[in-house]
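The values are calculated or read from the model by the stated rules, or taken from the named source; none is laboratory data. Please read these numbers as outputs of a predicted model, since none were measured by experiment. Every residue, glycine as well, gets a Cβ built from its backbone with ideal geometry; the counts of neighbours run over all protein chains shown. Note: accessible area is taken over every heavy atom of the protein model, side chains too, but ligands, DNA and RNA are not part of it. Shrake-Rupley method; radii C 1.70, N 1.55, O 1.52, S 1.80 Å.
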Amino acid sequence: MTESLLPLAPGLDQPLEVLTACHGRMMSQLQTLDRLVRWLPEHGADADACRAAANVIRYFDTAAVNHHQDEEDSLFPLLFERVSTAGRPRLRKLVEWIQRDHAEMTAAWLRLRAQLEGVAAGTSAELDADEVANFASRYHSHIDREDNELFPYAAQLLTPADLAGLSEQMVARRRLPR
């Protein structure tokens, strides 16, 4: 089982591009999960499966968490500062949907993570295909809405100073000890 190489991500000085690039990495991890579901029945929790499961866990425990915090703690407040009164209901509805979806995605991740821990440890070859498919489906629709609605809207609203501040917060978040 092999994992694909990913293109280099933009620097944190381009915060909206970083958020979009993170979605590409999420999609790659979802592909790894799909391959893992198909790999395990024939090969079991071999070294490749253990490594793949550990990488997926590491990604969704760190980068995905940072991504959600970038949006909820940094991007959303900036957007609410910049949005017009007329645009506020649209933004509020979008942000509420994203926050609900983040909570549901986190709950789904915790269920899936428990299964992946056994695979990563080499003690289990069980990974529920339906759970993986549901997790991936949720992420696909979430990513689609952010890429096609949230990020283009943010690009319209945010000033260069806003983007610089967002960048600083994202850098600081990644320097915090876990």
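Here is how the numbers come out for the structure above:
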item: Length gained when the stretch E72-A107 is fully extended (0.36 nm per residue, less Cα-Cα span); result: 10.9 nm
item: Segment R100-T20, length gained on full extension (0.36 nm per residue, minus Cα span); result: 26.8 nm
item: Extension gain from S28 to E131, taking 0.36 nm per residue of separation minus the Cα-Cα distance; result: 35.4 nm
item: Under Karplus coefficients 6.51, -1.76 and 1.60, residue-wise ³J(HN,Hα) of segment 126-143 in Hz, glycine/proline x; result: 9, 8, 5, 4, 5, 5, 5, 4, 5, 4, 5, 4, 4, 4, 4, 5, 5, 4
item: Relative contact order, percent, segment 16-133 [alpha-carbon distance under 8 Å, six or more residues apart]; result: 41
item: Accessible surface, 1.4 Å probe, highest first, among residues F80, F60; result: F80, F60
item: Alpha-carbon spread of segment 75-178, three principal axes, descending order, Å; result: 53, 31, 17
item: Structure-based [θ]222 nm, the chain - -39500 (n - 2.57) summed over DSSP H runs of at least 4, per residue, nearest 500; result: -24500 deg cm²/dmol
item: Nearest-ten-degree value, helix 160-175 long axis tilted from longest Cα axis of the chain; result: 30
item: Principal-axis tilt of helix 47-61 within the chain, Cα atoms, nearest 10 degrees; result: 20
item: Solvent-accessible area per residue, Å², over the chain with all protein chains present [probe radius 1.4 Å]; result: 52
item: Distance in nm between pseudo-label sites at N148 and R92 (7 Å out along the Cβ direction from Cα); result: 2.6
item: For segment 69-109, alpha-carbon Rg relative to the globular expectation (2.2 N^0.38 Å, N residues); result: 1.26
item: Qualifying GluC sites (Glu not before Pro) for segment 82-178 [loop in DSSP, other Cβ within 10 Å: at most 14]; result: E126
item: Positive dipole terminus of segment 1-132, leading residue within T32, V18, A121 (C-beta point charges); result: V18
item: Derived scalar couplings ³J(HN,Hα) [segment 99-104; Karplus, 6.51 cos²θ - 1.76 cosθ + 1.60; whole Hz; x for Gly, Pro]; result: 5, 4, 5, 4, 5, 5
item: Alpha-carbon gyration tensor eigenvalues x 5, square-rooted, for segment 1-151, Å; result: 32, 16, 12
item: Two-site FRET efficiency, R58 against R175, from Cβ-Cβ distance with R₀ of 25 Å, rounded to 0.05; result: 0.90
item: Percent carbon-and-sulfur accessible area, segment 33-178, ignoring ligands, DNA and RNA, probe 1.4 Å; result: 51
item: Most positive-pole-ward Cα, N55, H67, A108, against dipole of the chain from beta carbon charges; result: H67
